[in-house]
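See below for the structure under consideration.
The values are calculated or read from the model by the stated rules, or taken from the named source; none is laboratory data. Computed from a predicted structure; not experimentally measured. Glycine gets a Cβ as well: all are built from the backbone with ideal geometry, and neighbour counts include every protein chain shown. For accessibility, only protein heavy atoms count, side chains too; no ligands or nucleic acids. Shrake-Rupley method; radii C 1.70, N 1.55, O 1.52, S 1.80 Å.
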Amino acid sequence: MTRRHLVTGGAGFVGSHLVDRLMEAGEEVLCLDNYFTGRKENIRQWIGHPSFELIRHDVTEPIKLEVDRIWHLACPASPVHYQFNPIKTAKTSFLGTYNMLGLARRVGARLLLASTSEVYGDPEVHPQPEGYRGCVNTIGIRSCYDEGKRIAETLCFDYKRMHGTEIRIARIFNTYGPRMLENDGRVVSNFIVQALQGIPLTLYGGGQQTRSFCYVDDLVEGLLRLMEGDHTGPINLGNPNEFTIRQLAEKVRDQINPSLAFVGEPLPQDDPLQRQPVISLAQEELRWQPSIELDEGLKKTIADFRRRVEDKI
Ligand SMILES: NC(=O)c1ccc[n+]([C@@H]2O[C@H](COP(=O)([O-])OP(=O)(O)OC[C@H]3O[C@@H](n4cnc5c(N)ncnc54)[C@H](O)[C@@H]3O)[C@@H](O)[C@H]2O)c1
C-alpha cells in the first residue's frame, strides 16, 4: 500500500537521501523545507514527478496536511548553521516538533524525530547507550541545539503518553556523505574541501578526539527500519567504529593529495572529546548495523565534493 510521507527538512543532506529512498520505493512524498541549509538541487531529480510535492514552509508555523508518516528532520545540524541564529534553532526544535506532533495527532500519522547524539553532551560514559542521560551544558553555545533536541524528545513522549501519538526517536550520530554542504564546518566536509583546495588540513586540539562516522545510506536504512518497526526508541543510529580526527584527516589526505600538511588550532568551546554509539538496541530491535566502511564512504563523498568544488572553479 502506498503511503503519503511528509519529510520535513527534505531538501537537506539526510532528508534528500531519505526522499530518494521513499520515491524509489514508489511512495508519495511531500518534501517540506525553508531552504535554510537545504537546496532544491538535492531533490531536483523528483521535481515534476506525480508522486512528489515540494512545499516551502517553516516548521515553526503550523501547517495542515493529510499524511500517514512524518519524518521530522527539519533543523540545522552543523554548529556553524545552528549557531548562526541560536534562538531560531531552539524555536525550530521546540515549536517545529510541537507543530509536527500536533499534525501527527490530528491526522493519526506516525512521527519519527531525527534526534541526535548531542543529547549526550560531553559524555562521562563511553561508549553511549540509550539509557545514558547525558551531560549537557544548558548555557553553552551548543545548547540551542542539544537542549532543543532534548525538549523535542520530551515532547514526543508527552504526546505519546497524553494522546497516544505514534512516535519513533532516532538518536543520530555523525553522518557523512554526498550533499553535505561544503561550508558546514563539519570535520568531514572541512577536510575534503581543504584537501581539494590543496591547503593544509586543520586539526583542532591535536586531532586526538574521537568520532564515529556513519555513511548516509546506512543511516537512512536505519531510519526506514525504525519507522516501520515496533520499537519507539530512543534508539542510537551510528557507526560504532571509532576513529581519531587525525586518522580521518589522514584518510582524506591520502585519497586526495598525500603530500598535504596538517596545521593545529585550539579546540572550540564545548566540543565533546569522545562520541561513540552503542548500537546493540538497533541490532536487536531493527536488525540494523552499518555496512559501509569509512574508506568506501569517503570515496563516494569525495567524488561528490570534487564535482561541486570543480563546478565552481
Ligand atoms: N548529519 C548528521 O550528522 C546528524 C547527526 C545528528 C542528528 N542529525 C539530525 O538530522 C536532521 C537532518 O540533518 P542534516 O545533516 O540533513 O542537516 P541539514 O542542515 O542538511 O538539513 C536540515 C534541513 O532542515 C531545513 N530546515 C531547517 N530549519 C527549518 C525550519 N525552521 N523549517 C523548515 N525547514 C527547516 C534546512 O533547510 C535543511 O534542508 C536534523 O534534524 C539533525 O539535527 C543529523
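Of the residues making up segment 130-150, at least one is under 19 Å from the mean Cα position of the chain (by Cα), open to solvent by 50 Å² or more (accessible area, probe 1.4 Å) and within 14 Å of the ligand (Cβ to nearest atom). Filtering 44, 56, 39 for residues that are basic (Lys, Arg) and within 17 Å of the chain's Cα centre (by Cα) leaves a single hit, 39.
From the list 280, 291, the one residue that fits, being polar (S, T, N, Q), at pLDDT 90 or above and surrounded by 13 or more Cβ atoms within 10 Å (Cβ to Cβ), is 280. Scanning segment 231-243 for residues that are surrounded by fewer than 22 Cβ atoms within 10 Å (Cβ to Cβ) and touching a helix residue (DSSP H, G or I) at 6+ places or on another chain (Cβ under 8 Å) yields 231, 232, 234, 241, 243.
Identification of strands (runs of 3 or more DSSP E) wholly contained in segment 213-313 with 3 or more residues that are under 16 Å from the mean Cα position of the chain (by Cα) yields 235-237. Residue check: residue 222 meets all listed conditions (1) open to solvent by 10 Å² or more (accessible area, probe 1.4 Å); (2) more than 10 Å from the ligand (Cβ to nearest atom) but one, namely (1). Evaluation of residue 199 against the conditions (1) open to solvent by less than 20 Å² (accessible area, probe 1.4 Å); (2) in a loop (DSSP other than H, G, I, E, B); (3) within 30 Å of residue 247 (Cβ to Cβ) shows that the sole unmet condition is (1).
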